Structure formats: structure tokens, C-alpha cells
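Q: Can you read through this structure? Questions will come right after.
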Amino acid sequence: MHPFEAVRTALEMIWAHKLRSFFTILGTVVGVTFLIAVITLIEGMNNYVEGELAGMVVGMNSVVVRRTPSMQVNPSRETRRLWQSRPRFTFDDAEWLSERLETPGEISFSSSSQGRVDGPNSKTIDGVMITAANAAYFNARDMKISQGRAFQSQEDARGLPVVVIGADVAKTFFDNTSPLGKTIRIRGFPYQVIGVMEPQGSLFGFSLDNLVIAPARSRLNGVINTRNTIDQISFKVADPRQLITAVAELEGWMRVRRQLAPTEATNFEVETSEAALSFWTRISTILLLALPGLVGISLVVGAVVIMNIMLVSVSDRTREIGLRKSLGARRRDIMSQFMIESGTLSGFGGLVGIGLGLGLAALVSMVSPMPAVVAPWSIVLGLGLGVGVGVAAGAYPAWRASRLDPIEALRKD
Amino acid sequence: MSMTKAIPKQGKPPTEESGTIILTRDLQRQYQLGSETVRALRGVDLEVRRNEYLAIMGPSGSGKSTLMNLIGCLDTPSSGEYWLNGQLVSGMSEDALARVRNREIGFVFQTFNLLPRSSAVENVELPLVYAGVPRGERRERAMNALESVELANRMGHRPNELSGGQRQRVAIARALVTHPSILLADEPTGNLDSKTSEDIMVLFHRLHESGQTIIMVTHEHDIAQHAERLVTLRDGRIAADVRHSQNHASPGATAES
């Protein structure tokens, strides 16, 4: 029998026994729904953390030196005291390093703190992320400008009061009019807007567009940080394969700069985006390891239900099987008919599960800050598992059907 | 009235030219029922020639169902030979038997055995599905078969939308669609009223006239009278084998439903 016929028969069976089919595929639906929802949310987080969060904290393909770690999980009092005792990085450190680093790449540096920004017409925003950086910062963080331009290294060197603002700041202050050339006040100092950043959305409910970036040597120097010091120096390598070399080189030169003896501990932090990712990688690994167990239980339950329903179906249709055999169906025709039927049934459950799973993930990402991104492989996996469970669960009933004696089968009422 | 024909126990298999479609030699079938052995057939020698119209009769327990199952290749004999259309069928594997059933035999059952959720034409197509006939040809041949039983206008109807007689005619179309060597009917009128039964007998008569070999198992004498040869079984053996072409009741021009 042609597989297509069997699939059609299966779909007719599903349609003819809607309620029974619904309960039959429930296990598969639940299992696949769960699978798709979780994978979609993990994928969303992955995308976010790898593509943007890590890039935002450290910058992709970059190695960073800082006085304190960028991600801190409950440091002890002693640890914090140790960090406080460390020397700060300075403009001169960045200059000194850029003259010595041999790995091809670019040095950028920045300091950040939250503060108040005043716009025209007495509009004010509190808690804006104010960053003072050099001109290379935009390139190092892959920051895209949607209007105007970023500031240049000459403007930074001369400490001109120019600023690039985030999309939220632009919207709040200037709504639909162009912010370019307008003046805003950062911590009370007037700055002229020369560029607007592309919107970046939000993460965990926090807007990523509520920021301003001004030259490090402008009036903010000494306001958001101790004068002439910076939070972090970042080195973005031209060739990602040289990141490891760059880590060693940067750490090495910085130790030379601070005249640390070989026996002394490094008194600064060296970070890469990979390190920033490791935290999330750990969480997602745990989730992905726990997932098969949870999905597996649903699918095993689903398989048991499908097997029982198929046994009932074989018993109900004994005469039909006898008839088909009398008309020339071989064992393998009967066997494949029932396996395809059960595979189609369960595959249909898989499709429903994929739909529900995507819906669930969309719902979660709508009502919570969790982002959701559909992983194409999860769709294939969901459908494959659905069909696979059906075929596996249908094998024994199908085998039973194929072994029926046509005479006995035809005689059954 | 002539008694059972003596068939040589040894010899060449029947060939096409001889016109023999069925030949059995000392066909036996035993069942094990617990510790007891039931000898349902105790040695049947039967020859059926092409275009014969044969009825098998006998009281219950005479072995007529067993013989029908063997002739229909649904069962294999405990011993003896069975030649069907030049092939030695006894001892064939199950898959080979399925193939023979598909190509050589058209079954008609007492209870019609139509698939309830399939239309008339889909039911008729079913044997062709297992024969591997492509879709388009299948539909065409099924339509022709339905036409030959005068049901072309009911092709899209499901069995529950058809009368008993119409259902049996769909089943007959299904049996004929593969152009089988024999039409094997098991009590074909058992579930029909006498008027409809007569219609089916008219149809059988017409099929026989057009060259179809028909073997019909029945316990109804008046139905058996329609056949030109009557084989009676008793206690697992052929008790009588009568040709009565002079009696061959040609069912008159009764109106068909």
C-alpha cells in the first residue's frame, strides 16, 4: 500500500474519532509543546546574551581590563576591600598600552554611571546610563548610529561637549523632531547632540536605549569618575582567532606597566565576552539537560496511550484487516498501514505541540521580559519526535494486526 | 448424475490449454482443538474448468467452509496439492498467497465487508491498491467495474447510503476489478431478501455468460440451483458432483433494483 494512502487513511481516522484522537495524542502534544516552548525561550536568551548582552558588557572579540569584575555575585567584604585597594586605570594607561600592543586591534576605554539628564522644555530623565568614552568605543561595541554621527577622536582629544544619545532619550526629549544640533544638559553640563543610536530594545524589562555617550575628556571627566581615570580599557582584536594571544599580551603589558614582580598577584581583572557568557552558558546547559527528562516523561506516557489506543483500534478493525488480507494485503502492508497511521496520529500531535509551544513561548515573552527566538532545529526535532513516538508505539499493535489469521479475522463480528 | 471424477494422483500440473483452473489432489485439512484432532477435509479431489459455474453445498460441519478457505488461498492444506491457474499454491509462503489472492481470486462475502468510511468507488479500488496499480488507472478500472454491476451512478456513496443489494453489487465489482481467475462467493445472498437475491443471481448468470468462472458456497438449495454444477460435501469428502446444465435455471428477466 502506498504510504500516501495510509497517511490519508490515518487522517480520516483522526477526523472520524475526534475525541479519541485528541486523548490519544495528548501526551505527544504536551511533550512537544514543552520542548518547543523551552527551547524557544532558551534560544531567545542565548541570542540575546551572546549577541547583545555580552557585547554590551565587554564587547565581542574583545579583552577588557578593569579594576573590579563587571559581573559580581555577592562578593565578601574582604574581596570588596581588596578591589577598593587596587589602583584605578587612567587615560595614560590606555595610551601606554596602545603604543605597545602588537596584536592587531583597537583600544577603547570608557567610564559609566547613572545620572540625570535635562532636555528642552524642562524635560528630565533620571537614571540615564551616562558613558564617557573615547571615539573608538563606538566601533568596539558595534554601536550603530541611526541619525547624525559618532564623535571623532579629535573631538575627544579636545574635550568638546558633543553627545550621542540613545533612542529612548531622543524620543522623550525631542519626540518626532530631529535632536541633531539641540542642547541637553548632562549632570548639569550643556552638550550638543550630534548623533542618535539605533534602538536596541530591552532586556529583563530594562531599556537598553536610555543612555548618552560623551567624549571621555569632556566636562564629564572627573564627574562620573575620578579625574583622568576610567572604568575599563577594552582591546578589540582585528582577528577573533588572536583573542587568546591578546589576553596574554594585554595582561602581560599591564603587569609591566604596574611593575608587578612575577610572584605578585595581578591587581586588576582581565575579562573577555566568553567569560561573561559562562554564567548564562551554565544555566542554559542545566535547562537543556533537564529538558529531555521532562519531555521524555510526557512522550513515554504519550507512547503508552498511543499503543493502547492502537491495540483497541486493531481489535475494532479485525474484520477490516481480514478483508484487506483477503484482497491481497501482505503482512508488511498491514504492518506499515498501522505504523503509518500511528505515526501520522502522533505526528499530528507533534504539529499541534509545535503550534502550542510557539504560542506559549510568544505568550511568555509578551508578559515577561524573556525574549523568544524560534530555533528551526527544534521544529524538526518536535515533528520528528512526534512521528517517532507514534511509529515506535504503533509497532507492536501493527505487528499484532499483521499476524492476524484472515479466516479468524473475517469471522469476527 | 455422475459421481466424483477420478483424478490421477500423480501427473503433470494442469496447463492453460487444458482449461483447468482449479485442481486439487487428495486435499486434507486437520485442526488441533486441544488434544483432539478435527479432520475437516479428508481428501478432496476436485477439478474446476475455466468458465464453470459451481456451487458447493453441504450441511454444517461438512467441510465446505474449510474447502472454500483453501480454494480462496486464505488457508493452506495439511496435505495434498492445490493447483490454481497453473501454479502450485499449496505450500506457498504467506506473502505469495497474498499475491495469489490479489490476482487470482475475487471474494464476495455474505456480509459484504465494505469499508464503512470509504465510498463505493474507493472500496472497489482497494484490491488494485495492493496490486500496485497507479491512482489514475485504479479509478478508471474501478469505475468500469462499478458500471458492469450498474452502479456507476452510486460511485461516491458510502455503504450506509446504499441498499443491501447495492452493497453486494459494490462487493462484486470489487471482486471483479482485478479480473480474477475465479469469483469466490461465500453465501452471497445470505443477508439479502429473496427479491434482491434473485437480482444477484441474475448478475452472476450474466457474469458467467461473459466467461467468468464462479464458485459459490451456499446452503440454500434454490440459490445453488442457479449453478451449472453442484458439488456436495459430507464429512470432509465430496459426496456428490452433479452437472445439470439442462436444469440450469436461467433467472428470467426480473426487474433489477
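Q: Select from the stretch B:192-217 the residues that are touching a strand residue (DSSP E or B) at 6+ places or on another chain (Cβ under 7 Å) and either among the hydrophobic types (A, V, I, L, M, F, W, C) or within 20 Å of B:THR24 (Cβ to Cβ) (or both) and list them in ascending order.
A: If the condition is that a residue be touching a strand residue (DSSP E or B) at 6+ places or on another chain (Cβ under 7 Å) and either among the hydrophobic types (A, V, I, L, M, F, W, C) or within 20 Å of B:THR24 (Cβ to Cβ) (or both), then B:PHE204, B:LEU207, B:THR213, B:ILE214, B:ILE215, B:MET216, B:VAL217 are the ones that fit.
Q: Here's another thing I want to ask about it. Please determine, by comparing only the residues of the stretch B:145-188 that are of a type in the set (S, T, N, Q) and assigned to a loop (DSSP other than H, G, I, E, B), which one is nearest to B:ILE105 (Cα to Cα).
A: Going through the qualifying residues, I end up with B:SER181.
Q: Need the failing condition index for B:ILE214 against (1) of a type outside the set (Lys, Arg); (2) touching a His at 6+ places or on another chain (Cβ under 9 Å); (3) within 14 Å of chain A (Cβ to nearest Cβ); (4) within 23 Å of B:ARG141 (Cα to Cα), just the number.
A: Result: B:ILE214 passes all but (3).
So that you can scan it fast, the table gives a plain yes or no per residue for (1) in contact with a Lys or Arg (Cβ under 6 Å, 6 or more places away or on another chain); (2) at pLDDT 90 or above; (3) within 14 Å of chain B (Cβ to nearest Cβ):
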| residue | (1), (2), (3) |
| --- | --- |
| A:MET335 | no, yes, yes |
| A:GLY350 | no, yes, no |
| A:GLY353 | no, yes, no |
| A:LEU358 | no, yes, no |
| A:PRO371 | no, no, no |
| A:ILE379 | no, yes, no |
| A:ARG411 | no, no, yes |
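Q: Using the structure shown, decide if A:GLY293 is within 14 Å of chain B (Cβ to nearest Cβ) and free of Cβ contacts under 8 Å to residues at least 40 places away in the same chain.
A: no
Q: Restricting attention to the stretch A:146-157, report how many residues are in a loop (DSSP other than H, G, I, E, B) and either surrounded by fewer than 17 Cβ atoms within 10 Å (Cβ to Cβ) or among the aromatic types (Phe, Trp, Tyr) (or both).
A: 3
Q: Something else now. Please report, ordered by residue number, the helices (runs of 4 or more DSSP H) entirely within the stretch A:69-145 with at least 2 residues that are surrounded by 17 or more Cβ atoms within 10 Å (Cβ to Cβ).
A: A:91-100, A:136-140
Q: Could you count how many residues in the stretch A:351-390 are touching a strand residue (DSSP E or B) at 6+ places or on another chain (Cβ under 9 Å) and aliphatic (A, V, I, L, M)?
A: The number of residues fulfilling the criteria is 0.
Q: Mind checking which residues of the stretch B:207-235 are touching an Asp or Glu at 6+ places or on another chain (Cβ under 6 Å) and part of a loop (DSSP other than H, G, I, E, B)?
A: The one that is touching an Asp or Glu at 6+ places or on another chain (Cβ under 6 Å) and part of a loop (DSSP other than H, G, I, E, B): B:THR218.
Q: Specify which of the listed residues (A:LEU53, A:LEU19, A:LEU11) is aliphatic (A, V, I, L, M), within 30 Å of A:ARG332 (Cβ to Cβ) and at pLDDT below 90.
A: A:LEU11
Q: Out of (1) modelled with pLDDT under 95; (2) closer than 29 Å to B:LEU97 by Cα, the odd one out for B:THR213 is which?
A: So B:THR213 meets the others, but not (1).
Q: Hey, another quick one. From the residues in the stretch A:396-408 that are outside any loop (DSSP other than H, G, I, E, B) and surrounded by fewer than 17 Cβ atoms within 10 Å (Cβ to Cβ), which one is modelled with the lowest pLDDT? Even if it seems obvious, please write down each step before you answer.
A: We begin by selecting, within the stretch A:396-408, every residue outside any loop (DSSP other than H, G, I, E, B); these are A:396-402, A:406-408.
Next cut, surrounded by fewer than 17 Cβ atoms within 10 Å (Cβ to Cβ) only: A:396, A:399, A:408.
Details: A:TYR396: 96, A:TRP399: 96, A:GLU408: 91.
Only one residue tops the list, namely A:GLU408.
Q: Can you tell me which residue is surrounded by the fewest Cβ atoms within 10 Å (Cβ to Cβ) among those in the stretch A:337-348 that are away from every other protein chain (no Cβ under 14 Å) and of a type in the set (A, V, I, L, M, F, W, C)?
A: Only one residue fits best here, namely A:PHE348.
Q: Here is a further query. Quickly run through the stretch A:137-185 and pick out the residues that are free of Cβ contacts under 8 Å to residues at least 40 places away in the same chain and in contact with a helix residue (DSSP H, G or I) (Cβ under 6 Å, 6 or more places away or on another chain).
A: Across the stretch A:137-185, the qualifying residue is only A:PRO179.
Q: Out of the stretch B:78-105, which residues are assigned to a loop (DSSP other than H, G, I, E, B), loosely packed, with under 15 Cβ neighbours inside 10 Å and within 14 Å of another protein chain (Cβ to nearest Cβ)?
A: The answer is B:SER93, and nothing else.
Q: Among the listed residues A:ALA290, A:ALA303, identify the single one that is surrounded by 15 or more Cβ atoms within 10 Å (Cβ to Cβ) and small (Gly, Ala, Ser).
A: A:ALA303
Q: Quick check on this structure: which one of A:GLY353, A:GLY390, A:GLY296, A:GLY328 is surrounded by fewer than 24 Cβ atoms within 10 Å (Cβ to Cβ), in the same structural domain as A:THR28 (by TED's automatic domain parsing) and out of contact with any His (no Cβ under 9 Å at 6 or more places or on another chain)?
A: When all the criteria are applied, what remains is A:GLY296.
Q: One residue is enough: does the stretch B:116-132 have a residue meeting the conditions more than 9 Å from chain A (Cβ to nearest Cβ), under 20 Å from B:ILE214 (Cα atoms), not in a helix (DSSP H, G or I) and not aromatic (Phe, Trp, Tyr)?
A: The answer is no; no qualifying residue exists.
Q: Additional query: Would it be correct to say that B:ARG135 is under 25 Å from B:GLN110 (Cβ atoms), within 13 Å of chain A (Cβ to nearest Cβ) and surrounded by fewer than 18 Cβ atoms within 10 Å (Cβ to Cβ)?
A: no
The values are calculated or read from the model by the stated rules, or taken from the named source; none is laboratory data. Model, not experiment: these values are computed from the prediction. Note that we place each Cβ from the backbone using ideal geometry, even for glycine, and neighbour counts take in every protein chain shown.
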